[in-house]
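The values are calculated or read from the model by the stated rules, or taken from the named source; none is laboratory data. This structure is a prediction, so every number in the text was calculated from the model and none was measured. When we count neighbours, we look across all protein chains shown, and the Cβ atoms used for this are built from the backbone with ideal geometry, even at glycine.
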Amino acid sequence: MSTVAPSETPPRATTSHARELNRWWVVKLAVMALLNAGLLYAAYSALMVQEWAILGFTAVLLVVVNWVYVSRRMVPAKYLLPGIVFLLVYQVFTMGYTAYIAFTNYGSENTIRKDQAIEQILRTGDVRVEGAADLPLAVVRDEAGDLGFAVVVDGVVQAGTAEEPLEPVGGATVGGNGAPEEVPGWTVLNLGQILEVQSEVTALRVPFSDDPADGWVRTQTGSVGFQSSPRYSYDEATDTFTDLTTEVVYTPNDRGFFAAPDGSRLTPGWPVTVGFENFQRMLTDSRISSALLQAGAWTFAFAFLSVATTFFLGLFLAMTFNHPGVRGRKVIRSLLILPYAFPGFLAALVWRGMLNNPYGFINSTILGGADIPWLTEEWLARFSIIAVNLWLGFPYMFLIATGALQAVPGDVYEAARLDGASAFRQFRSITLPLLMISVAPLLIASFAFNFNNFNLIYFVTEGGPNIPGHPLALGETDILISVVYKVAVVAGTKQYGLAAAMSIVIFLIVGLVSWLGFRQTRKLEEVL
Amino acid sequence: MRRGIMIAAASGLTLALAACSGGGGGEDPTTDDATGEETSAPAAGGTLTIWADELRAGPLADVAAQFEADNGITIEIVQKNFDDIRPEFLAQAPTGEGPDIIVGAHDWTGELVSSGVVAPIDLGATADGFAEVAVNAFSYEGANYGVPYGIENIALVRNDGMTDASPTTWDEMVEAGEAAGGEHVFLLQQGDAGDAYHMYPFQTSFGAPVFATDESGSYLPELALGGEAGAAFANWLAENGSNGSGILDTAITADIAKEKFANGEAPFIVTGPWNISAFTDAGLEVSVLPVPSAGGETAAPFVGVQGFFVNAQSENALLANTFLLDYVSTLEVHTALYESGGRIPALTEAADAIAADDPIVEGFAAAGEVGVPMPSLRQMGAVWDFWGTTQADIISGDASDPEAAWQTMVDNIQGAIG
C-alpha cells in the first residue's frame, strides 16, 4: 500500500521520481538492460534450436516487460508482473505439461521424436556385411563438388559418390597410412575439411557396386570405411518401413511404433497420445489399484500423524518456553531449532544408520545390544518413520507456535483466570482456538508437504520392509509418491505417462484435502 | 518528459544488444545446436562433450589433450556421478542437448538402444584386440553399441592371515571358515533389499540362470530362474538364513561387510576389485579365488563390462568415433584407466601385462573366466527389485515358504516384463 500511495499524490504532469536522472535511474536502467539482454538471448537461443513456443513466449514477455516498466501508468502491473511470470513458468507450465504427458505413452521406448526414430531404425539396421574387412578410405569430392569416398579394395583405389557406385580410378596413389592420397579427377579432403562436413560424411553411403545386394560403403571415422548393408528401407511417401530380406512391411500404429501385420514392431518408437489409458490403468490394473489403495491409506495416516505429532510437541514446547518463569529461554529455544537447521535428507540418512538392527547406534549402544527391528518390522518401521519426522518437524511447529502465542493478548487469560478457568480449560478454550486461526493454514500446508514427503521415506526406509511377494515389489512404508517413483520410474520400463497421471491424481487428492481444510479455517475465523 | 523514456529505452536496448552479441559470440554453435541435421554446424574447432565419472575423467583428460592437439578441436569432459549418467543421458539425449560420448556399463545397452539414444559403432579391426566377452557384451540385436574399456566381476576374497584354505564348495568354505575362528564364517553383502548381483554365483551353481540363452550364448527374454533348480536355490537360501545357519544375513550391508572384513572378523567375503584397496590399506594380506559352488554346478558370477557409448543425436559422430577407436582403445589409455579405476582392461594386451605381475588382478580374471555377462536385455531392469527383495525375504525368514516365495517372484517378474 505504502509503495503505491506516493505516486498518486504528487501532480503527475510535472516530474515523477521515476524520471529523475539520479543514482536510482542508473540502477533501474542497468536492471532493465540485463533483463532485456537475458530475454533477447533466450529468444535467440530458442530461434537457433527452432523451439517456436519458447521463442514466442520470450518475445511476448520482452514486449510486455518493456511496456510495463517503461510506461508511466500501469503502476500495479509493475508489482504484479514478476509474480505472474513466475506463476506461468513454474506453476502453470509445469502443471500443463504434466497433464499433457499423462495423456501420452511417453516412456522407455517412446521418448524420441518420430523423425529421430526413423533415422535410428535405419541407422541400427545398417550393419557391416558379414566378414567384410576394413577399407582404408579418403573422403573426396568430384568435379561437381559432390562428396564421395575413395577406398582401397584389394589394392585397387576405387571412388564413387552417393549416386555413382565405386569405380576403379587409374593413376591413384596410396599414402603412408594405406589410404588413397591422390585420386585423379577427385579432390581429396584433409581433416579440417572433413570435420566441416562431418555429419554429411557419416551419413554418406556409396554403393559398393551396381548390384544393390552388395550394400554400400560408409565410414565412422573418415579414415576407415567398410561395406555394410541396410536391413530396412524407409518409404517417405507411404511412411512405411520394409524389411529388405523378408519383404515384411512395417506401418506406423497408434502406439507410436512401426509394426508388421503379425504384431512385431521396430524399436524405438515415439510418444503418442493415448487418451485416458493411463488413468484407466490405475483402476483396471489390479496390481496398481490395490497398491494405490494400500499406500493411499498409509499416506493419509502418515501425513496426518506427522502434522499432529509435530504440532502438539512444537506447541507444548512453545508454551513451556513461552512461560516467563523458565530460565535460559533464549538458549533453549535456539537449541530446539537445531534439527530444523540440519539438512533434512542428511538427518534422514543418519537416522537410518542409527536405527539399523543390530549394528545401529540405538540398538547396539543405547539399548545395549537389543534386537529391535526398527526398520524391518512393518509397524515398527511406520513408527520409526513418524518418529524421525517428528524429530525433523517439531522445530518448525515450535517456531510458528511461539510466534502465534505472542499474538494472543494476555488480558484474555486474566479474564479467564478471574472466571476460575483451569489451565487446561484455558488451553482448550482460549489458546488453541486463537492459535488455530493463524496456524491452521500452515498445518494444511504441512499436511500437503508430508503427503508428498518422498525424501523422508526414500532415505529412511526406501519404502521397506518389503511386502513379501508384492506384484510391484513395493514395501510397507511406501507412500503414494514413492509408489509412483517405484512403479513408473525405477522399475525396468519407464512409464512417464503413467507417472504423470498418478501425480495428477495425487495433486487432486491434496488439492481436495487442502480445500476442505481451508473451508474449515474460514469457519474458525467466523467464530472470532 | 518523453525524452526521458526514449533515453531509457534506447540505452537499455543498446546495452542489451551489446551483452547479447558478447554472449552469443562466445557460445559455440555446435554445442547448443539441438536440431540435428537441418543446421549443419561448422565442426572444425568444434567441441566434443564427454560425460565421465570421477575415476575415468582423469585418464581421459590426458588422451583428450592429445586428440585436441592433433585435430584442433576442444574436448569438454564433464565429471558426473556414475549412477547419474544413465538417467540424465536418457532425459537429455532425445532433445539433442546431451553429450557426444558417455561412460557406461554394458547392461545399459538394452535400455539405451530401445530408447533410441545411442548410435551403433562398428569396432572393425579394433575388435580383435579386445577380450571376446567385452565385445559381445555391447552387442544388441545384431549391432554393436559400445567401445569397451574395462571388465569387472566379483570373486571370493580370502584373508590370508586367518586361513589358507582354497574351498571349491560351500561346505568346504563353511568348514574352513568355522575353523578360522572369526566372528563370521563368511560375509556376503545383502541389506534389507537384498543384493542379487553378489548372490548370483551361488544361484548359478544351482543351475538357475536369470534368463535363458540361445546356442550362441545370447540372452533371450525368457526367465530361467524358476523351476526345480530355482526352488532348490530358494531352500538353500532359507537353510543359510536367519532361521537356519545364519551365515547369510540381511543386516550385512555393503558397508558393514567391507568394514567387518577389513577388521579381520571373517576369513572370506565375496566382493569385487573395488574393495581390495580398503582391505590392503587395513593391513590385510588377501588372495582372490573363484567363488565356491553351493549347488554342485559352476558358480558363475556376472561379468560387467564398462565402455563408452556415442549419442545417436551427436553432431560430432565422426570425431566421437575417431576418438574412441583410434585414441582411447590403446594400450596406454587402457592401462591408465586400469590404474585409476581398478577394472581389468578390455584390451587383452593391456590386461595380460597387468595380470602378469599382479596376483589380485589375475585372481579376479580367473574367477571371471567362468562368469557370464550380465544380461543387457531391456527386461533386466524389471528383474532386480523383485529378485533382491525376494532373496532378502527368504533369508530373513519373512517369507516362511521359500519355494512358494520364489515362485511368486517368478510370476511377478513375468507380470512386470509382460
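Candidates in segment A:469-512 are the residues that are within 19 Å of A:T284 (Cα to Cα) and small (G, A, S); of these, the one that is nearest to the other protein chains (Cβ to nearest Cβ) is A:A473.
Residue-by-condition table, conditions (1) within 20 Å of the chain's Cα centre (by Cα); (2) more than 26 Å from B:W108 (Cα to Cα):
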residue: A:S482; (1), (2): yes, no
residue: A:Y485; (1), (2): yes, no
residue: A:L498; (1), (2): yes, no
residue: A:I506; (1), (2): yes, yes
residue: A:L512; (1), (2): no, yes
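B:E332 meets all of the listed conditions (1) within 14 Å of chain A (Cβ to nearest Cβ); (2) out of contact with any strand residue (DSSP E or B) (no Cβ under 7 Å at 6 or more places or on another chain); (3) closer than 19 Å to B:L123 by Cα but one, namely (1).
Listed here are the helices (runs of 4 or more DSSP H) enclosed by segment B:300-418 that have at least 1 residues being surrounded by fewer than 20 Cβ atoms within 10 Å (Cβ to Cβ) and of a type in the set (D, E, K, R): B:331-341, B:348-356, B:359-369, B:402-417. Has segment A:242-261 got at least one residue that is more than 30 Å from A:D126 (Cβ to Cβ) and either among the charged types (D, E, K, R) or under 37 Å from the mean Cα position of the chain (by Cα) (or both)? So far as segment A:242-261 goes, no, none of its residues is more than 30 Å from A:D126 (Cβ to Cβ) and either among the charged types (D, E, K, R) or under 37 Å from the mean Cα position of the chain (by Cα) (or both). The residue that is farthest from B:V103 (Cα to Cα), counting only those in segment B:45-63 that are assigned to a helix (DSSP H, G or I) and free of Cβ contacts under 8 Å to residues at least 60 places away in the same chain, is B:A61. Count of segment A:99-135 residues, restricted to those that are within 33 Å of the chain's Cα centre (by Cα), among the β-branched types (V, I, T) and more than 9 Å from every other protein chain (Cβ to nearest Cβ), is 3. Are there any pairs, at least 6 apart or on different chains, whose C-beta atoms fall under 9 Å, with the first in segment A:194-222 and farther than 15 Å from B:V310 by Cβ and touching a residue at least 40 places away in the same chain (Cβ under 8 Å) and the second among the charged types (D, E, K, R) and assigned to a helix (DSSP H, G or I), and if so, which? Here the result reads A:E200/B:E37; A:P207/A:D214; A:F208/A:D214, each pair linking segment A:194-222 to a residue that is among the charged types (D, E, K, R) and assigned to a helix (DSSP H, G or I). Considering (1) of a type in the set (G, A, S); (2) within 14 Å of chain B (Cβ to nearest Cβ); (3) part of a helix (DSSP H, G or I), the lone condition that A:G96 does not fulfil carries the number (2). Residues that are of a type outside the set (A, V, I, L, M), assigned to a loop (DSSP other than H, G, I, E, B) and on the phi < 0 side of the Ramachandran plot are absent from segment B:274-282 altogether.
Going residue by residue through segment A:41-51, is there one that turns out to be among the charged types (D, E, K, R), at the interface with chain B (Cβ under 10 Å from one of its Cβ atoms) and in a helix (DSSP H, G or I)? No: zero hits. When the residues of segment B:331-376 are filtered to those that are in contact with a helix residue (DSSP H, G or I) (Cβ under 8 Å, 6 or more places away or on another chain) and among the β-branched types (V, I, T), the one that is farthest from B:P59 (Cα to Cα) is B:V372. Is it the case that B:I75 is under 22 Å from the mean Cα position of the chain (by Cα) and either closer than 29 Å to A:K494 by Cβ or modelled with pLDDT of 90 or more (or both)? Taking the combined requirement at face value, the residue does not satisfy it. The single condition from (1) without any contact (Cβ under 8 Å) to a residue 60 or more places away in the chain; (2) in a helix (DSSP H, G or I) that B:K260 fails is (1). The residue that is farthest from A:V129 (Cα to Cα), counting only those in segment B:133-166 that are of a type in the set (G, A, S) and within 14 Å of chain A (Cβ to nearest Cβ), is B:G146. Identify the single condition in (1) within 14 Å of chain A (Cβ to nearest Cβ); (2) of a type in the set (A, V, I, L, M); (3) without any contact (Cβ under 8 Å) to a residue 12 or more places away in the chain that B:V117 does not satisfy, given that it satisfies every other one. Here B:V117 clears every test but (3).
Within the option set A:S438, A:S384, being in contact (Cβ under 8 Å) with a residue 12 or more places away in the chain and in contact with a Phe, Trp or Tyr (Cβ under 6 Å, 6 or more places away or on another chain) holds for one residue only, A:S384. Taking segment A:475-493 as the range and being outside any helix (DSSP H, G or I) and buried (at least 23 other Cβ atoms within 10 Å of the Cβ) as the test, the residues that pass are A:G475, A:T477, A:D478, A:I479. Among the residues of segment A:294-353, the one identified as outside any helix (DSSP H, G or I), modelled with pLDDT under 85 and under 26 Å from the mean Cα position of the chain (by Cα) is A:F342.
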